[in-house]
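Student: I'd like to ask some things about the structure below.
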Amino acid sequence: MARITREEVAHVAHLARLTFREEELDKFTSQLNDILLYMDKLNSADTAGVAPMTHAAVRGNAFREDVTTPSLAPGESLANAPDSRGEFFRVPKVIE
Amino acid sequence: MELHALTIHELQDKLRAGETTAADILASVCRRIDAVEDKVHAYITLTREAAELQAAAADAAIRRGEMEALTGMPIALKDILCTRGVPTTCGSRILADFVPPYDATVVEKLRAAGAVLVGKTNLDEFAMGSSTETSYFGATRNPWDLDRIPGGSSGGSAAAVAADECVAALGSDTGGSIRQPAALCGVVGMKPTYGRVSRFGLVAFASSLDQVGPLTKDVEDAAILMNVIAGHDPREATSATVEVPDYRSFLNRGVAGLRIGVPREYFLAGIDPEVRVAVEAALGVLEAGGARLVEISLPHTEYCLAVYCIVAPAEACSNLARYDGVRYGFRAPEGRDLLDMYKQSRSAGFGAEVKRRIVIGTYVLSSGYYEAYYKQASRVRALIRRDFDQAFTRCDVIATPTSPTAAFRIGERIDDPLKMYLSDILTISANLAGIPGITVPCGFTAGGLPMGLQFLAGAFQEGLLIQAGAAYETLAATGPLIARRKRERMPLD
């Protein structure tokens, strides 16, 4: 049974802000099905009463003193921008 | 022996004795790069001019009598570590022109220790891969056989060390990306405990798994680099405050009385018989050296890859959401509106493997699938961690093969993602559990390809890995073996 359909792959791609060509969509759907099928193996693990582990770090929050330290100058922050004007990043029109 | 063929500690001895200079060492490494880089393609960017200035500064420091841990040592950096003023591409089109305005903490530490930074090494795009074939800048080749992959994702760093195109290198390891290429290129590679080395300035792939670590010509060099890069960093929230020991103090302790756990699950089907035989022989050498072999079980081993295939993409799809063509990175010029600009930029900027993982990650985190995939994977991850906790009550370190096979051919697995992921089946568990691992060379296949022996230890027990690795290296005399093989078999000269 297919775990993920072509339409679902296209939808998830949209959520992730990606677009696929038709032949990419076919290939990815087939490859993702193989991978998801392999993941089914996890259902055979007995995890009753096991708390999820999302991180290997043992400590809690890492607090620091609330003091200002030097940060990047605007020119440095903008140096890698594909498109900037003055002290701003420029993007295509957002609101009609 | 040429200077470029020596280790950090050998070169430092020569510098201290006044037998050579940092400028001569760099010149030797540069000549080597000129001679072999066309064949190996270990680097994305070379920083020769800056390196010459650093070497001159190192020589000036030596004349003043100021030797730091890495003074004058030509070191390469995986191109996923931010370097101020030097492009940091992550092997991706989307960052092809990105020039960081700051240094990663580990880079700052190398500079402060007197290192000479020779360049940025090739990697699988965003460190996603096991062969260094998915780099936007082309594949790196294994110096032992140019038709084969060097492993990945730190394949450029491993190949550069193996081919003597640097003296040592840094890599990053999310599921084996330091240890697997180190094994396949016949060098030493260590993934430290999660939190041991700062991730500040390491471009994020999977934040609960990523660690920076050394790739070196021997275990002593790994200890030297660990002494420099380990330690707490207030700029990194998961950085550990645990005290850092002098890793060199573990070098000559031997293995007498050391309990070495041998997990039967790591010697099962899928392991190449030549690799199994080599690792079993290595265990025999350790036992003859006084170690006590303890049979152990890590019963949830079979789930490691499936857990990783969920956790790593889930974290990656969140981390890679930042590449939107606005603040830095590639922007497709043809976007009609903001949404279209995002889609065009990301679709043209990322390669196939990165897109595949973004889609998987987005899918397993989406509502309706989160419980079945991500949450179940996180529960099994806790069981994998528990396996190790229990195992380390019975042994001091665990020994396994590093990679199930020696280096495979370029192109062999690139269209079969699952088969590619299986390359990391023996290394992933350490990242999921957050524990440290080291690989040391343990001989060659009949075809002349290197193989690796992996040691794992409990959290913050890198010293035990140095101890076991250095002892094996001495007992098996791997140093002279590799030096001889390099002269006789490496197809570079």
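Every read-out reported here was derived from the displayed coordinates using simple, explicitly stated rules and does not represent laboratory data. Computed from a predicted structure; not experimentally measured. Here the Cβ positions follow ideal geometry from the backbone for every residue, glycine too, while neighbour counts run over all protein chains shown.
Student: Relative contact order of chain B, please, whole-number percent, based on alpha carbon pairs below 8 angstrom and at least 6 residues apart.
Tutor: Once normalised by length, the contact order is 18 percent.
Student: Near B:Lys355, which lysines are there with a Cα under 16 Å away, not counting those fewer than 8 places off in the same chain?
Tutor: A:Lys27, B:Lys343
Student: Next question. Using only Cα atoms and rounding to the nearest 10 degrees, what angle (0 to 90) does helix A:6-15 make with the longest principal axis of chain A?
Tutor: Taking the Cα atoms of chain A, the angle to A:6-15 is about 20 degrees.
Student: Which residues among region B:156-182 fall inside the zone where the amide N is under 13 Å from a point 7 Å beyond the Cα of B:Leu46, along Cα→Cβ?
Tutor: Residues B:165-166 qualify, since their backbone N sits under 13 Å from the label point.
Student: Name all residues of region B:63-94 having a backbone nitrogen under 13 Å from the label point set 7 Å from the Cα of A:Ala79 along its Cα→Cβ direction, giving them as ranges.
Tutor: Residues B:83-88 fall inside that zone.
Student: Relative contact order (percent) for chain A, with alpha-carbon contacts under 8 angstrom and 6 or more residues of separation? Don't jump to the answer; show the numbers that get you there.
Tutor: On the way: 30 pairs, mean separation 16.5, N = 96.
Averaging sequence separation for qualifying contacts and normalising by length gives 17 percent for chain A.
Student: Just add up the charged neighbours of B:Val380: K/R +1, D/E -1, any other residue whose Cβ is under 11 Å from the Cβ of B:Val380. Could you put the intermediate results ahead of the total?
Tutor: Numbers: positive: A:Lys41, B:Lys375, B:Arg379, B:Arg381, B:Arg385, B:Arg386; negative: A:Asp46, B:Glu302, B:Asp387.
Charge balance in the 11 Å sphere: +3.
Student: Relative to the Cα centre, what is the charge dipole magnitude of the protein assembly as shown, using +1 at the beta carbon of each Lys and Arg, -1 at the beta carbon of each Asp and Glu, and rounding to the nearest 20 debye?
Tutor: Details: 62 positive and 73 negative charges, 101 e Å.
Using only the charged Cβ atoms, the result is roughly 480 debye.
Student: Now a separate question. Between beta-carbons, use under 14 Å as the cut-off and find the net charge around B:Val99, counting Lys and Arg +1, Asp and Glu -1.
Tutor: Numbers: positive: B:Arg84, B:Lys120, B:Arg327; negative: A:Glu76, B:Asp79, B:Asp97, B:Asp103.
Around B:Val99, the surrounding residues sum to -1.
Student: Now for a different question. Let me have the 222 nm mean residue ellipticity of chain A computed from DSSP H runs of 4+ only, each contributing -39500 (n - 2.57), with the sum over all residues rounded to the nearest 500.
Tutor: On the way: 3 runs with 33 residues, N = 96.
Per the formula, -10500 deg cm²/dmol.
Student: Kindly provide the helix-only [θ] at 222 nm of chain B, computed as the sum of -39,500 (n - 2.57) over DSSP H runs of four or more divided by all residues, to the nearest 500 deg cm²/dmol? Display every interim value, and only then the final one.
Tutor: Values: 16 runs with 190 residues, N = 493.
Taken over chain B, the calculation gives -12000 deg cm²/dmol.
Student: Out of the DSSP beta bridges found with both residues in chain B, what percent are antiparallel (nearest 5)?
Tutor: Details: 29 of 44 bridges.
Taking every DSSP beta bridge with both residues in chain B, the antiparallel ones total about 65 percent.
Student: Another question, then. About the Cα centre, and with charges only on the beta carbon of Lys, Arg (+1) and Asp, Glu (-1), how big is the dipole of chain A? Nearest 20 debye, please.
Tutor: Values: 11 positive and 15 negative charges, 29 e Å.
Dipole of chain A, to the nearest 20 debye: 140 debye.
Student: Calculate, in nm to one decimal, what B:Leu418 and B:Arg322 gain on full extension: separation in residues at 0.36 nm each, minus their alpha carbon distance.
Tutor: Values: separation 96, 0.36 × 96 = 34.56 nm, distance 2.68 nm.
Roughly 31.9 nm would be gained on extension.
Student: May I ask for the equivalent-ellipsoid semi-axes of region B:10-143, computed as the square root of five times each C-alpha gyration tensor eigenvalue and listed largest first in whole Å?
Tutor: On the way: eigenvalues 160, 57, 25 Å².
Rounded to whole Å, the semi-axes are 28, 17, 11.
Student: Turning to a different aspect of this structure: Please give the peptides B:109-116, B:50-57, B:440-447 ranked by average Cβ packing (other Cβ atoms within 10 Å per residue), highest first, as a rough proxy for protection. Spell out each step's value before the answer.
Tutor: Details: B:109-116: 21.8, B:50-57: 18.0, B:440-447: 20.0.
Output ranking for B:109-116, B:50-57, B:440-447: B:109-116, B:440-447, B:50-57.
Student: Still on this structure, please answer the following. Count charges around B:Ala433 for me, please; just the other residues with Cβ under 10 Å from its Cβ, Lys/Arg as +1, Asp/Glu as -1. Please list the in-between numbers first.
Tutor: Numbers: positive: B:Arg381, B:Arg385, B:Arg386; negative: B:Asp387, B:Asp389.
With Lys, Arg at +1 and Asp, Glu at -1, the net is +1.
Student: Share of antiparallel DSSP beta bridges in the protein assembly as shown, in percent to the nearest 5? Don't jump to the answer; show the numbers that get you there.
Tutor: Numbers: 31 of 46 bridges.
Looking only at bridges with both residues in the protein assembly as shown, the antiparallel portion is about 65 percent.
Student: First obtain the Kirkwood hydrodynamic radius of region B:236-386 from its Cα pairs, then insert it into the Stokes-Einstein equation at 25 °C and 0.890 mPa s, and state the resulting D in µm² per second as a whole number.
Tutor: Values: Rh = 20.1 Å.
Using the Kirkwood radius from Cα pairs, D works out to 122 µm²/s.
Student: Evaluate the charge dipole of region B:301-383 about its Cα centre and quote only its size in Debye, nearest 20, assuming +1 on the Cβ of each Lys and Arg and -1 on the Cβ of each Asp and Glu. Kindly include the intermediate steps, with their values, before the conclusion.
Tutor: Details: 12 positive and 8 negative charges, 22 e Å.
Using Cβ point charges on Lys, Arg, Asp and Glu, region B:301-383 gives about 100 debye.
Student: Once R0 is set to 60 Å, what does the formula 1/(1 + (r/R0)^6) return for the Cβ-Cβ distance between B:Ser366 and B:Glu19, expressed as a FRET efficiency to the nearest 0.05? Can you show the working numbers first?
Tutor: Values: r = 62 Å, r/R0 = 1.04.
In this case the efficiency is close to 0.45.
Student: Treating only the Cα positions of chain A as identical point scatterers, give the base-10 log of I(q)/I(0) from the Debye formula at each q in 0.12 Å⁻¹.
Tutor: With no solvent term, the Cα-only Debye profile gives -0.89.
Student: In whole Hz, with x marking every Gly and Pro, tabulate ³J(HN,Hα) for region A:89-95 from phi via Karplus 6.51 cos²θ - 1.76 cosθ + 1.60, θ = phi - 60°.
Tutor: 7, 9, 10, x, 3, 9, 10
Student: Which lysines have a Cα less than 22 Å from the Cα of B:Lys39, not counting those fewer than 8 places away in the same chain?
Tutor: Partners found: B:Lys78, B:Lys120, B:Lys217, B:Lys486.
Student: Pull up all non-local amide H partners of B:Thr45: gap of 5 or more, or a different chain, and H-to-H distance under 5 Å with H placed in the peptide plane.
Tutor: Residues meeting the amide H criterion: B:Lys120.
Student: Using the membrane-span-like helix rule (whole DSSP H runs, Cα extent along the own axis of at least 24 Å, mean Kyte-Doolittle hydropathy at least -0.5), which helices of chain B qualify? Walk me through the intermediate numbers first.
Tutor: On the way: long enough: B:22-40 (26 Å, 0.39).
Counting only whole DSSP H runs, the qualifying helices are B:22-40.
Student: Take peptide B:296-308, look around each residue's Cβ out to 10 angstrom, count Cβ atoms belonging to other protein chains, and average those counts.
Tutor: Average per residue, whole number: 2.
Student: What's the average, rounded to a whole number, of partner chain beta-carbon atoms within 10 Å of each residue's beta-carbon in A:35-48?
Tutor: Values: counts 11, 7, 1, 6, 12, 3, 6, 11, 4, 3, 12, 3, 9, 1.
Taking the mean over all residues of the peptide, I get 6.
Student: I would also like to ask the following. Evaluate E = 1/(1 + (r/R0)^6) for B:Ser297 and A:Asp40, where r is the Cβ-Cβ distance and R0 equals 25 Å; express this FRET efficiency to the nearest 0.05.
Tutor: Working: r = 24 Å, r/R0 = 0.95.
The calculated FRET efficiency here is 0.60.
Student: Mind ordering B:341-352, B:470-481 by average Cβ neighbours within 10 Å, highest first? Walk me through the numbers before you get to the answer.
Tutor: On the way: B:341-352: 21.2, B:470-481: 18.7.
Answer by packing, highest mean first, reads B:341-352, B:470-481.
Student: Let me ask something else about it. Can you find, among B:Phe98, B:Gly289, A:Pro70, the residue farthest towards the positive end of the dipole of the protein assembly as shown? Put +1 on the C-beta of Lys and Arg, -1 on that of Asp and Glu.
Tutor: A:Pro70
Student: Over the Cα atoms, compute the radius of gyration (one decimal) and Dmax (the largest Cα-Cα distance, rounded to a whole number) for the protein assembly as shown, in Å.
Tutor: Using the Cα atoms of the protein assembly as shown, the pair Rg, Dmax is 23.1, 77 Å.
Student: Follow-up question, since we're still on this one. Given 5 Å bins starting at zero, what is the percent of C-alpha pairs of region B:301-383 in each, up to the one with the largest pair distance?
Tutor: 3, 15, 21, 19, 15, 11, 8, 5, 2, 0
Student: Need one value for B:350-357: mean number of C-beta atoms belonging to other chains within 10 Å of its residues' C-beta atoms.
Tutor: Mean shielding count: 3.
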